[in-house]
Amino acid sequence: MAEQLKSEVTGSVWKIVAAVGDDIAPGDSIIIIESMKMEIPLVCEDGGKLLALHVKEGDSVAEGQVLADIG
């Protein structure tokens, strides 16, 4: 079953550091969100394969929004 990674803050997608299909290790960053001039990484807790990205660089995101799926 896929794990949904959600934004912890409201901000914008500054950088995407992984691509769909990549193997993600526990603790790896997938997306970096910019909020209030701070860079906040979206970290994968358990690891797995990046199945989907639901945003692109420059997109605005809301707290709790699903940004990626890990399987």
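What follows draws every value from the coordinates through simple rules; no lab data is involved. Since we're looking at a predicted model, the values are computed, not measured. Here the Cβ positions follow ideal geometry from the backbone for every residue, glycine too, while neighbour counts run over all protein chains shown.
I'm told Gln4 meets every condition in (1) in contact (Cβ under 8 Å) with a residue 24 or more places away in the chain; (2) over 12 Å from the mean Cα position of the chain (by Cα); (3) more than 16 Å from Gly58 (Cα to Cα) except one. Can you identify the failing condition by its number?
Evaluating Gln4 over (1) in contact (Cβ under 8 Å) with a residue 24 or more places away in the chain; (2) over 12 Å from the mean Cα position of the chain (by Cα); (3) more than 16 Å from Gly58 (Cα to Cα) leaves (2) as the failure.
If you check Ser60 against the conditions, is it of a type in the set (S, T, N, Q), exposed (fewer than 13 other Cβ atoms within 10 Å of the Cβ) and touching a Ser or Thr at 6+ places or on another chain (Cβ under 9 Å)?
Yes: the conditions hold for Ser60.
Which of the following residues is touching a residue at least 60 places away in the same chain (Cβ under 8 Å) and within 11 Å of the chain's Cα centre (by Cα): Val55, Val17, Val66, Val43?
Just one listed residue meets the conditions, Val66.
Check whether at least one residue in segment 4-23 is touching a Ser or Thr at 6+ places or on another chain (Cβ under 7 Å), exposed (fewer than 15 other Cβ atoms within 10 Å of the Cβ) and assigned to a loop (DSSP other than H, G, I, E, B), and report yes or no.
yes
Hey, among the residues in segment 29-47 that are out of contact with any strand residue (DSSP E or B) (no Cβ under 7 Å at 6 or more places or on another chain) and not in a strand (DSSP E or B), which one's surrounded by the fewest Cβ atoms within 10 Å (Cβ to Cβ)?
Going through the qualifying residues, I end up with Lys37.
Read through the list (1) of a type outside the set (D, E, K, R); (2) surrounded by 11 or more Cβ atoms within 10 Å (Cβ to Cβ); (3) over 17 Å from Ala2 (Cα atoms), then give the number of the only condition that Ile70 fails.
(3)
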